[in-house]
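See structure below.
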Amino acid sequence: DGGITQSPKYLFRKEGQNVTLSCEQNLNHDAMYWYRQDPGQGLRLIYYSQIVNDFQKGDIAEGYSVSREKKESFPLTVTSAQKNPTAFYLCASKSEASGTNEKLFFGSGTQLSVL
Amino acid sequence: KQEVTQIPAALSVPEGENLVLNCSFTDSAIYNLQWFRQDPGKGLTSLLLIQSSQREQTSGRLNASLDKSSGRSTLYIAASQPGDSATYLCAVTPHFNKFYFGSGTKLNVKP
């Protein structure tokens with residue numbers, strides 16, 4: 001079955017540590033996104049990518065980094081510069097980067113907590 | 001900047017009741033509006049997408065309407081069931097790579 005796989009489901013970060021969240025899709029989608037969800041709040045965009053080797057900052061990119069070396073993969077690194085990383089992180093994709101009427105597909109999320 | 005609001009934040013209804021969830025947005029220049037369902041600790045699942053030229057979309061017991069000029073959308077759920085219990089979020093798309101989400105309405109359908 002096609003879909004988006006996020007791993008791990010739970011992740012703990014020590015102070016000063018960088019951690020990487022994995023996102024893999026087998027939907028052959030062009031565009032991929034990373035969102036952050038805090039309790040009782042809407043999703044906020046961290047980074048997005050329309051094509052391999054290209055990505056753009058979203059609304060809250062500070063303290064995060066991404067790469068898009070393969071179409072299927074869009075990993076997110078939470079760096080030590082992100083002082084409040086505890087949140088639920090969601091990866092999403094849609095089939096055409098410039099399509100305006102396409103559904104967003106989501107992975108099952110990674111809960112990141114600080115030790 | 002686009003602001004998306006969902007009221008109420010939580011709703012509890014008895015099984016079998018018909019219900020309406022509300023979504024409002026501040027800028028009517030959108031391509032579409034999507035309704036999503038989120039179960040606890042899970043990702044979002046797209047339920048319905050209404051294009052800006054459309055007034056409504058239906059899928060099974062769900063019906064979503066869109067009034068762009070007033071900046072409002074409603075999600076109607078007919079004959080609610082306990083399995084409908086989840087958080088429902090709406091999102092508008094003012095740009096093909098921008099999605100602005102509301103904070104959701106947490107629905108509890110009591111048996």
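Tabulated values for the structure
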| quantity | calculated |
| --- | --- |
| Links that overshoot a 25 Å alpha carbon limit, given the list A:LYS57/A:LYS94; B:LYS42/B:LYS110; A:LYS71/B:LYS68 | A:LYS71/B:LYS68 |
| DSSP loop trypsin sites (Lys or Arg not before Pro) with at most 15 other Cβ within 10 Å: longest gap in chain B | B:2-54 |
| Estimated Rh, the protein assembly as shown: Kirkwood, alpha-carbon pairs, angstrom | 18.0 |
| Gyration tensor verdict on the stretch B:31-111 (Cα atoms; rounded if a/c is under 1.5, prolate if a/b is larger than b/c, oblate otherwise) | oblate |
| Shielding by partners - mean other protein chain Cβ count within 10 Å, residues of B:43-55 | 4 |
| For the stretch B:1-72 versus the stretch A:40-71, the gap between their alpha-carbon centres in whole angstrom | 25 |
| Average partner coverage of A:89-98, which counts Cβ from other chains inside 10 Å | 2 |
| √(5λ) per eigenvalue of the Cα gyration tensor, the stretch B:1-64, largest first, Å | 21, 16, 13 |
| Karplus 3J(HN,Hα) series, Hz, for the stretch B:80-87 with 6.51 cos²θ - 1.76 cosθ + 1.60 (x for Gly, Pro) | 4, 10, x, x, 7, 4, 4, 9 |
| Equivalent ellipsoid semi-axes, chain A, via Cα gyration tensor eigenvalues times 5, rooted, Å | 23, 14, 13 |
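We did not get these values from a lab; they are worked out from the coordinates using the rules stated. Quick caveat, the model's predicted, so the values are computed rather than measured. All Cβ positions, glycine included, derive from the backbone under ideal geometry; neighbour counts span all protein chains shown.
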